[in-house]
Amino acid sequence: MRNYDLVLPSHPSRALTAGVWHRGSAIVLGTFGVAHLLNQLCVLSGHHETVASALRLVYRTPLTEPLLLAAVVVQVLSGVQLYRRGRPSSSRQRWQRNTGLYLAFFLVAHPAAALVQRHVLGGATDAKWAASVVVWPLALWFVPYYTAGITSFTVHLGLATTRKPAAGFLVLGLMVSLLVVGALAGLWGRL
Ligand code: HEM
């Protein structure tokens, strides 16, 4: 099922254009996102920074970082356009749209926080930085924020690339969230 299948027939060409931009940017962002989440899982084994340093050689160069951030902007803008024009007719489409809507928020807030931390505050963006907000009382916001980010990404990508129902991706997303957010909160030992 393609996102632009959800769009009203009154604007088929604009919907198609948004769908093409959305799918194109999703290739860049989806590839990064999967590698990035696997990197977050390395918090469990204590190898987060080693893997992050290797990945940064790919995504944090003068060519690739602007490309990644441009993919974020294109993904969010085209996604909002698809959301506004679409009318869901099945529960699968509702999952696709609602996880996409949350990702539109998360994909603005989360990379912006990393960029402010690096370029304005001059600090590191390592696992300790990500974990610094999973403490009382900030955890009241950041546990659901990270959990919904990981789960929305997993469900949204899963539905876009397979014909499987949302439930399996939802369980997978929640399990990854429990491991990553639990590790950031120090539930499985010190970082
Ligand atoms: C709990 C889950 C997550 C944690 C702990 C986390 C942590 C981080 C960290 C530490 C950075 C800085 C990276 C660096 O310094 O190289 C970062 C950046 C970023 N994250 Fe996440 N992330 C999470 C989920 C996600 C998800 C689901 C996405 C969706 C694709 C995402 C997209 C990004 C993007 C686009 C950046 C900016 C990359 C850059 O320009 O440096 N993150 N995240």
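What follows draws every value from the coordinates through simple rules; no lab data is involved. Quick caveat: nothing in here was measured; it's all calculated off a predicted structure. Cβ placement follows ideal geometry from the backbone for every residue including glycine, while neighbour counts extend to all protein chains displayed.
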Next on the checklist: Projecting each Cα onto the charge dipole of segment 3-184 (Lys/Arg +1, Asp/Glu -1 at the beta carbon, about the Cα centre), which of ALA35, VAL120, ALA70 comes out farthest on the positive side?
Outcome noted: ALA70
Next on the checklist: Using Cα springs under 10 Å in a Gaussian network model of the chain, which residue among SER78, SER90, SER25 shows the largest mean-square fluctuation?
Outcome noted: SER90
Item to check | Principal-axis tilt of helix 91-115 within the chain, Cα atoms, nearest 10 degrees | outcome: 40
Checklist entry - Two-decimal Rg/Rh of segment 90-138 from alpha-carbon positions, Kirkwood Rh? => result 1.17
Next on the checklist: Just to confirm my numbers, what's the Cα centroid distance between segment 36-68 and segment 135-172 in Å?
Outcome noted: 20
Item to check | Tail weight of P(r) past 23 Å, computed on alpha-carbon pairs of the chain, percent | outcome: 45
Checklist entry - Can you give the calculated 222 nm mean residue ellipticity of the chain, where each DSSP H run of n ≥ 4 adds -39,500 (n - 2.57) and the sum is split over every residue, rounded to the nearest 500 deg cm²/dmol? => result -24500 deg cm²/dmol
Next on the checklist: Let me check against my output: what whole-number percent is the relative contact order of segment 73-191, with C-alpha pairs under 8 Å and at least 6 apart?
Outcome noted: 27
Item to check | Extension gain from HIS119 to VAL34, taking 0.36 nm per residue of separation minus the Cα-Cα distance | outcome: 28.1 nm
Item to check | FRET E, pair GLU65, ARG94, Förster distance 25 Å, beta-carbon r, rounded to 0.05 | outcome: 0.15
Checklist entry - So what's the angle, to the nearest 10 degrees on a 0 to 90 scale, between helix 12-41 and the longest Cα principal axis of the chain? => result 20
